[in-house]
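What follows is a short report on a single structure.
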Amino acid sequence: MYKYILNSLSQTKIDEQLTNKIHAELIKHHIDSEFLSFSSEKELTNLLNSIDKVSTSTLVIIGDDNDFNILIGLIGKLGADPAIGYLPIAKSAVAKALQIHNYLDAAQALAQRKIIEKTIYSISSRYFYDEIHLHTEPSGTGNKDNSMKIKTETGLELSLPASSLKFENLNEDRYLNDTPIQINAYSPGNNIPHSKGLKAKIINILIKNPQPLGKSMLNLHAKMFKIESTNNLVDNLGRKYKNTLIIGKHNCKIRLIAKKLTKKAN
């Protein structure tokens with residue numbers, strides 16, 4: 001059974017006309033079902049908990065990449081292993097990687113059920129798919145000590161000024177099997193992070209030239225990162241985290257539906 005879910009507060013709205021077109025396409029492929037909606041992570045969690053894990057073989061998110069990433073963030077709440085489908089209604093980098101370009105492609109892919117697996121990593125109690133961005137939340141107390149520490153599982157520790165952080169999931173790169181998560185730190189000024197630990201010399205070489213405002217100041221791969229910030233953190237989807245969190249402590253494999261490529265005739 002296919003279950004379709006959508007974010008009623010999505011930045012990409014689905015009007016009645018498009019909804020009817022999508023239903024018609026799903027009916028044509030004999031995979032139509034009711035569209036279930038949520039408007040918050042709490043509602044989505046309750047929805048996922050209410051889904052019959054035995055009868056639901058495929059869970060499909062309708063919307064844009066933000067909506068897709070909200071679902072992936074809560075994938076640990078499923079407690080089962082359904083295939084994850086994506087029916088994009090806006091330009092989508094995620095869907096493009098799955099060879100899906102619109103809802104017509106998506107309906108066909110869902111019916112064909114070509115499954116690919118991808119390993120994803122945890123960020124605190126959530127997960128992220130390909131990348132996630134973090135920035136510090138203003139404290140509102142006038143505290144000027146706006147700093148953070150980044151630690152890896154190998155004992156490397158970096159002290160930075162408050163920075164924007166981007167974490168990328170690069171586990172599909174065979175050269176990064178042992179260190180599949182990449183962090184990029186973007187500095188608000190010409191500040192150089194102070195490093196200590198076994199890899200300090202290497203890190204200092206990488207960052208010896210200070211970057212101008214807003215440019216990358218750090219690029220590092222590891223299996224796991226611990227972030228300690230003076231202030232709480234917020235990601236690019238507006239979700240809030242405490243000022244100490246761990247990235248990559250857990251990982252899981254998800255089963256995604258991609259489009260089968262049609263062989264060209266000779």
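The values are calculated or read from the model by the stated rules, or taken from the named source; none is laboratory data. The model shown is predicted, which means the values in this text are computed figures rather than measured ones. Cβ atoms come from the backbone with ideal geometry, glycine included; neighbour counts cover every protein chain shown. For the accessible areas, the whole protein counts, side chains as well, though only heavy atoms, and no ligand, DNA or RNA atoms are used. Shrake-Rupley method; radii C 1.70, N 1.55, O 1.52, S 1.80 Å.
Against the condition open to solvent by 10 Å² or more (accessible area, probe 1.4 Å), more than 15 Å from the chain's Cα centre (by Cα) and over 20 Å from Cys252 (Cα atoms), how does Lys91 come out, does it pass?
yes
Scan the stretch 194-209 and tell me whether some residue there is assigned to a strand (DSSP E or B) and at pLDDT 80 or above.
no
May I ask you to list the residues in the stretch 50-88 that are small (Gly, Ala, Ser) and surrounded by fewer than 20 Cβ atoms within 10 Å (Cβ to Cβ)?
Once the filter is applied, which keeps residues that are small (Gly, Ala, Ser) and surrounded by fewer than 20 Cβ atoms within 10 Å (Cβ to Cβ), the stretch 50-88 yields Ser50, Ser55, Ser57, Gly76, Gly79, Ala80, Ala83.
Tell me the residue from Leu110, Leu156, Leu134, Leu165 that is in contact with a helix residue (DSSP H, G or I) (Cβ under 8 Å, 6 or more places away or on another chain), within 23 Å of Leu233 (Cβ to Cβ) and open to solvent by less than 40 Å² (accessible area, probe 1.4 Å), please.
It is Leu156.
Considering only strands (runs of 3 or more DSSP E) fully contained in the stretch 95-176, which possess at least 2 residues that are more than 26 Å from Ile254 (Cβ to Cβ) and modelled with pLDDT under 95?
Correct list: 131-136, 147-152, 157-161.
Contact list please: Cβ distance under 8 Å, first residue in the stretch 1-30 and at positive phi, second residue among the charged types (D, E, K, R) and surrounded by 17 or more Cβ atoms within 10 Å (Cβ to Cβ), pairs at least six apart or on different chains.
Correct list of pairs: empty, since none qualify.
Would you mind stating whether Thr244 is of a type in the set (Ser, Thr, Tyr) and either closer than 23 Å to Ser40 by Cβ or at pLDDT 95 or above (or both)?
Here the answer is yes, as Thr244 does meet what is asked.
Among the numbered criteria (1) touching a Ser or Thr at 6+ places or on another chain (Cβ under 8 Å); (2) in contact (Cβ under 8 Å) with a residue 60 or more places away in the chain, which single criterion is violated by Asp64?
(2)
If I ask for residues that are assigned to a loop (DSSP other than H, G, I, E, B), under 20 Å from Ile70 (Cβ atoms) and of a type outside the set (S, T, N, Q), which ones from the stretch 1-52 would you list?
Of everything in the stretch 1-52, those that are assigned to a loop (DSSP other than H, G, I, E, B), under 20 Å from Ile70 (Cβ atoms) and of a type outside the set (S, T, N, Q) turn out to be Leu9, Lys13, Ile14, Glu34, Ile51.
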